[in-house]
1. Pick from region 66-76 the residues that are in a loop (DSSP other than H, G, I, E, B) and not basic (Lys, Arg): which of them is surrounded by the most Cβ atoms within 10 Å (Cβ to Cβ)?
2. Between 239, 195, which is among the small types (Gly, Ala, Ser) and closer than 30 Å to residue 35 by Cβ?
3. Can residue 282 be described as closer than 22 Å to residue 148 by Cα, touching a Phe, Trp or Tyr at 6+ places or on another chain (Cβ under 8 Å) and assigned to a helix (DSSP H, G or I)?
4. Determine if region 1-15 includes at least one residue that is under 22 Å from residue 118 (Cβ atoms), out of contact with any strand residue (DSSP E or B) (no Cβ under 9 Å at 6 or more places or on another chain) and β-branched (Val, Ile, Thr).
5. When region 213-270 is examined, which residues are found to be surrounded by 15 or more Cβ atoms within 10 Å (Cβ to Cβ), among the aliphatic types (A, V, I, L, M), touching a residue at least 40 places away in the same chain (Cβ under 8 Å) and over 30 Å from residue 288 (Cα atoms)?
6. Can you go through 111, 79 and tell me which one is touching a residue at least 40 places away in the same chain (Cβ under 8 Å), open to solvent by 20 Å² or more (accessible area, probe 1.4 Å), out of contact with any Gly (no Cβ under 8 Å at 6 or more places or on another chain) and not small (Gly, Ala, Ser)?
7. Being in contact with a helix residue (DSSP H, G or I) (Cβ under 6 Å, 6 or more places away or on another chain) and under 29 Å from residue 5 (Cβ atoms): is that true of residue 99 here?
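The values are calculated or read from the model by the stated rules, or taken from the named source; none is laboratory data. Here the structure is a predicted model, which is why all the values come from computation and not from measurement. Quick reminder, even Gly has a Cβ in these numbers, built from the backbone with ideal geometry, and neighbours come from all protein chains shown. Keep in mind that these areas ignore ligands, DNA and RNA; they rest on the heavy atoms of the full protein, side chains included. Shrake-Rupley method; radii C 1.70, N 1.55, O 1.52, S 1.80 Å.
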Amino acid sequence: MPAFLRDIRTTLEMIKIEHTLFALPFAFLGAVLAANGVPSAKQLIWITAAMVGARSTAMAFNRIADRHYDARNPRTANRALPAGLLSVGFVWVFTAVSATLFFISAAMLNRLTLVLSPVALASVLLYSFTKRWTLLSHLMLGWCLSIAPTGAWIAVRGTLDSPVPLLLSLVVMLWTAGFDVLYACQDYDFDAKAGLHSIPKSFGIARALTIARLLHLAAFAALLGLYWITQLGIFALTGVVATAALLFYQHRLVKADDLSKLNAAFFTTNAFVSVILFVTFGGAALLRTSS
């Protein structure tokens with residue numbers, strides 16, 4: 001395989017490009033709710049391109065910013081940059097190309113998405129540094145992912161004229177912050193040694209698990225608010241119930257004295273919550289439009 005293609009493949013593996021699928025359903029749900037049905041093919045194409053560009057920019061930049069910490073952390077020392085599988089210069093070029101894709105996509109949607117695109121990109125880039133100075137980095141990550149549904153709403157309508165996307169974004173922000181607190185528990189010892197900030201490091205793992213539960217409880221409350229305001233009926237309600245069951249299952253897997261099932265909890269809920277909400281809420285919206 002040519003070196004360039006090998007580096008591209010390694011970069012995509014490094015940024016876990018497949019995890020873009022976790023965020024895409026929330027963006028598509030925001031678009032479907034905004035359109036009261038199926039958005040245009042052009043809108044869906046450029047929303048997808050914007051999501052891929054934004055996430056690829058954020059992840060690649062994060063790997064550059066954290067490469068020295070990653071080299072010192074046994075859990076991350078085998079990542080491509082600290083392991084010497086990629087050059088920093090190559091990843092910088094990949095980051096710039098991804099950011100360009102994001103801005104082009106925003107411009108192809110409408111004027112407001114283009115105007116707001118620097119705010120979105122600045123948010124996802126700033127996140128990479130937040131663990132250096134605040135334990136609220138989990139909420140910052142939540143904010144970054146929560147941009148997707150409201151951004152997609154604006155991409156379809158060209159305006160922010162409803163609380164619906166804001167409630168959906170609140171669900172995403174709190175849900176993301178909760179699972180990021182859980183995920184950070186496995187770096188408790190390293191964060192303490194490296195002087196990085198996180199809720200587990202500040203409060204201990206047991207209290208961090210309680211905080212994660214509270215964040216997910218708040219996310220569920222916001223989801224109930226979204227269900228109430230959209231009035232999408234029994235099909236959407238099944239999504240609410242399924243999400244509650246998955247969150248409950250996640251927290252049953254993770255215990256303060258046993259984090260061995262943390263990855264199972266992380267990937268189970270992330271892989272299914274966004275898809276379930278897209279299928280149920282989005283499906284209910286489409287059914288209401290067709291009836």
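1. Among residues in region 66-76 that are in a loop (DSSP other than H, G, I, E, B) and not basic (Lys, Arg), the one surrounded by the most Cβ atoms within 10 Å (Cβ to Cβ) is 66.
2. 239
3. It is true that residue 282 is closer than 22 Å to residue 148 by Cα, touching a Phe, Trp or Tyr at 6+ places or on another chain (Cβ under 8 Å) and assigned to a helix (DSSP H, G or I).
4. Yes: one or more hits.
5. Once the filter is applied, which keeps residues that are surrounded by 15 or more Cβ atoms within 10 Å (Cβ to Cβ), among the aliphatic types (A, V, I, L, M), touching a residue at least 40 places away in the same chain (Cβ under 8 Å) and over 30 Å from residue 288 (Cα atoms), region 213-270 yields 215, 254, 259, 262, 265.
6. 79 is the lone residue from the list that is touching a residue at least 40 places away in the same chain (Cβ under 8 Å), open to solvent by 20 Å² or more (accessible area, probe 1.4 Å), out of contact with any Gly (no Cβ under 8 Å at 6 or more places or on another chain) and not small (Gly, Ala, Ser).
7. yes
Residue by residue, here is whether (1) in contact with a Leu (Cβ under 9 Å, 6 or more places away or on another chain); (2) farther than 17 Å from residue 70 by Cβ holds:
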| residue | (1), (2) |
| --- | --- |
| 158 | yes, yes |
| 161 | no, yes |
| 178 | yes, yes |
| 189 | no, no |
